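Have a look at the structure below, then the notes.
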Amino acid sequence: MKTLKQIRTFRGFSQRRLAEAMEMQQPHIVTMEKGELNPGTQIATIFKINKALNCRSVIHGSKIYFEEIT
């Protein structure tokens, strides 16, 4: 399992590129990379990450992790 930053860099995405792929602002990516699952974070946002980075998400307590899909 990887953090958002780890899976993002593994896939070769900058924060800006990921934000553009998700149609979001780059500061939102920064917040999510802190590893805390904000109660306001919508499932749709997590699905956008999964789609953009071709990964699965795993929620463990208040943390969110990502797994590669090969």
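The values are calculated or read from the model by the stated rules, or taken from the named source; none is laboratory data. Predicted model only: the values in this text are computed from it and were never measured. Using ideal geometry, Cβ is built from the backbone for each residue, glycine included, and neighbour counts are taken over all protein chains shown. SASA here: full protein model, heavy atoms, side chains in, ligands and nucleic acids out. Shrake-Rupley method; radii C 1.70, N 1.55, O 1.52, S 1.80 Å.
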Exercise. Here are some residues: Thr41, Thr31, Thr70. Which one is free of Cβ contacts under 8 Å to residues at least 40 places away in the same chain, out of contact with any Gly (no Cβ under 6 Å at 6 or more places or on another chain) and not in a loop (DSSP other than H, G, I, E, B)?
Worked result: Thr31
Problem set entry | Breaking point among (1) modelled with pLDDT of 95 or more; (2) surrounded by 12 or more Cβ atoms within 10 Å (Cβ to Cβ), for Gly12 | (2)
For this session: Output the qualifying pairs, or none if there are none: Cβ atoms under 7 angstrom, residues six or more apart or on different chains, first residue in the range 1-26 and more than 20 Å from Glu67 (Cβ to Cβ), second residue open to solvent by 70 Å² or more (accessible area, probe 1.4 Å) and part of a loop (DSSP other than H, G, I, E, B).
Result: Ala19/Gln25
For this session: Say whether the condition of being of a type outside the set (A, V, I, L, M, F, W, C) and in contact with a helix residue (DSSP H, G or I) (Cβ under 6 Å, 6 or more places away or on another chain) is met by at least one residue in the range 41-51.
Result: yes
Problem set entry | Identity of the residue in the range 21-49, surrounded by 14 or more Cβ atoms within 10 Å (Cβ to Cβ) and touching a strand residue (DSSP E or B) at 6+ places or on another chain (Cβ under 6 Å), that ends up modelled with the highest pLDDT | Ile46
